[in-house]
Amino acid sequence: KGTQAGISNTCLPLPLPQPWLCGKGFRLQRMLNRHVKCHSQVKRHLCTFCGKGFNDTFDLKRHVRTHTGIRPYKCEICNKAFTQRCSLESHLKKIHGVQQQYAYKQRRDKLYVCEDCGYTGPTQEDLYLHVSNVHPSSAFLKKTSKKLAAAIQNKLTSFGVTYFPCPHIL
């Protein structure tokens, strides 16, 4: 009993993504956590250009640059530009024989990129000021936290500059 027309009424668990079955291993928990997302069928971040889905905002940002043409990482030797830092570093090594010298676990300087025009700045505050002045309707401003806006205000005030961000975009 318990079946009707060959259909079981017994609840069977659906197979869940099992990253340990894909054969990949990671030394850091955060890298495993990021990887586990790739096994999910739910893609939370969609490309507004083509609709392709991604599990991670980093992967979406990298993909969107294929549509926008933004290539913020430029070779200082031949001026060729790349969408990712690792592509620039690979180019420097293969084409120009330049090996990047980083100490173990040394972090490289972060580049803050305007995804609207490709402008690059040395700090998040610099990027925020650029976007607010050049692209005031940018989605970036809507996502930027009030905490960052307050930090920028404090920094500018310490230099004697008054800055009043619009409260409707924070």
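No lab work stands behind these numbers, since they all come straight from the coordinates. A quick note: this is a predicted structure, and the numbers were derived from the prediction, not measured. Because the Cβ atoms are built from the backbone with ideal geometry, glycine has one as well, and the counts that use them run over all protein chains shown.
Spin-label model, Leu32/Ala139: points 7 Å from Cα along the beta carbon direction are separated by 3.3 nm. Each peptide in 125-131, 26-32, 50-56 was scored by the mean count of other Cβ atoms within 10 Å over its residues; highest first, the order is 125-131, 50-56, 26-32.
Counted residue by residue at 0.36 nm each, then reduced by the alpha carbon distance between them, the extension gain from Ile95 to Arg108 reaches 2.6 nm. The distance between label points at Glu125 and Ala151 comes to 0.9 nm (points 7 Å beyond Cα on the Cα→Cβ vector).
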